[in-house]
Amino acid sequence: MNKINKTPEAVKATANSSLKGNKKSKHASESVAQFIFLICAIVAILAVCSITIYMFIKGTESLKSVGIADLLFKTVWAPTATPPAYGIVYIILSSIAGTTLAILLGVPIGLLTAVFLTEIAGKKLAAVVQPAVELLAAIPSVIYGLLGLMLLNPLLYKLEKHVFANSTTHQYTGGANLLAAVLVLAIMILPTVINMSASAIRAVPMNLRATSLALGATKIQTIFKVVVPAAKSGIITGIVLGIGRALGEAMAINLVAGGSVNLPLPFNSVRFLTTQIVSEMSYADGVHRQVLFTVGLVLYIFIMIINLIITFMQKKGEKANG
């Protein structure tokens, strides 16, 4: 076979041609990727804007006929009465109280579980606990509601009878009350808080731990004074997602909270903003239906405010650390 001898100039020209071809191909693929990412971003922004505009349009229709003061500050909810009453202040307070108590109960448990999984438990034990946490996340909310209805409500009813044994005015709820809703919500937010917190803690560089231990800090001091503060951003994100799930939950709460519009006391049957919509939207009509959209708008505004507050706190913390 004859060998073709190429001059150095020919080899160089061939290499340059190949590099140019690779650069053009790479540039084209990057341009396509950037275009796809831009389209995805635009779709996400349009979706948020569309939802926001729709909720404000539909949610403000009832304000003309009912009035902001009557809607937000009256305590009576009787849409089928004559005349009807559409006060949702107890419903708003129930959502705030239930979500707040669930976060106060669930976040410490979730954070400590994440610390245990990442910093304390051995690999074998963590390999058992982690799948259990992931299984909690996979359970549908209606199952939590059914378990709460069958297991938690009877236990709380026994406690209720014991606490109000000598009361002549208490209206018994059969255990379907605010306390049951709080306990169910606290369990439901655990997987979100645990997984986000664990991921944030694992991302903390090992040299921070080593430096802290080298300076004489104990392992517990290192965890709570070095590792957890360093993972604060991811932990806060997990808390925000937990708040979102607690505020947006409907099916489980509808099964365990009783569904009555009352002042949110632990042993009172209550109704949240989400369960208010789920319970009555199927048969609501006219002003009643418009008010339910207003309830949805109030819930949407709550979630927006919480996200804005958390984002502000994160940016403030980053500036302080920077």
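The values are calculated or read from the model by the stated rules, or taken from the named source; none is laboratory data. Treat the numbers as computed from the prediction; the structure is a model and nothing was measured. Because the Cβ atoms are built from the backbone with ideal geometry, glycine has one as well, and the counts that use them run over all protein chains shown. Side chains included, ligands, DNA and RNA excluded: accessible areas come from the protein's heavy atoms. Shrake-Rupley method; radii C 1.70, N 1.55, O 1.52, S 1.80 Å.
Listed values, structure above:
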item	result
Residue list for region 31-50, restricted to those being open to solvent by 80 Å² or more (accessible area, probe 1.4 Å), of a type outside the set (Phe, Trp, Tyr) and farther than 27 Å from residue 300 by Cα	32, 34, 36
Hits in region 53-88 - residues which are open to solvent by less than 40 Å² (accessible area, probe 1.4 Å) and among the charged types (D, E, K, R)	none
Options 247, 292, 265, 273; residue that is modelled with pLDDT under 90 and out of contact with any strand residue (DSSP E or B) (no Cβ under 8 Å at 6 or more places or on another chain)	247
Qualifying residue in region 279-287 (condition: over 17 Å from the mean Cα position of the chain (by Cα) and among the acidic types (Asp, Glu))	yes
Of all residues in region 89-104 being under 16 Å from residue 294 (Cβ atoms) and either in contact with a helix residue (DSSP H, G or I) (Cβ under 6 Å, 6 or more places away or on another chain) or basic (Lys, Arg) (or both), the one that is surrounded by the fewest Cβ atoms within 10 Å (Cβ to Cβ)	89
Count of residues meeting criterion [within 16 Å of residue 87 (Cα to Cα) and not in a loop (DSSP other than H, G, I, E, B)] in region 35-74	13
Some residue of region 62-75 being among the hydroxyl-bearing types (Ser, Thr, Tyr) and either free of Cβ contacts under 8 Å to residues at least 12 places away in the same chain or more than 21 Å from residue 280 (Cβ to Cβ) (or both)	no
Failed condition for residue 151, given (1) within 23 Å of residue 257 (Cβ to Cβ); (2) touching a residue at least 12 places away in the same chain (Cβ under 8 Å); (3) not β-branched (Val, Ile, Thr)	(2)
Single residue of region 258-314 satisfying the filter (in a loop (DSSP other than H, G, I, E, B) and of a type in the set (Phe, Trp, Tyr)) that is surrounded by the fewest Cβ atoms within 10 Å (Cβ to Cβ)	283
Only one of 290, 276 that is among the polar types (S, T, N, Q) and closer than 19 Å to residue 184 by Cα	276
Complete set of residues in region 132-142 that are surrounded by 13 or more Cβ atoms within 10 Å (Cβ to Cβ) and either touching a strand residue (DSSP E or B) at 6+ places or on another chain (Cβ under 8 Å) or aliphatic (A, V, I, L, M) (or both)	133, 136, 139, 142
Unique match (being open to solvent by 70 Å² or more (accessible area, probe 1.4 Å) and not small (Gly, Ala, Ser)) among 206, 196	206
Candidates 129, 107, 115, filtered to the one that is under 16 Å from the mean Cα position of the chain (by Cα), open to solvent by less than 40 Å² (accessible area, probe 1.4 Å) and among the aliphatic types (A, V, I, L, M)	107
Residue within region 217-231 that is within 30 Å of residue 277 (Cβ to Cβ), open to solvent by less than 60 Å² (accessible area, probe 1.4 Å) and of a type outside the set (A, V, I, L, M) present	no
Candidates 132, 114 - the one that is without any contact (Cβ under 8 Å) to a residue 60 or more places away in the chain, assigned to a helix (DSSP H, G or I) and of a type outside the set (D, E, K, R)	132
Index of the failed condition, residue 250 passing every other in (1) surrounded by 14 or more Cβ atoms within 10 Å (Cβ to Cβ); (2) within 28 Å of residue 147 (Cα to Cα); (3) in contact with a Leu (Cβ under 7 Å, 6 or more places away or on another chain)	(3)
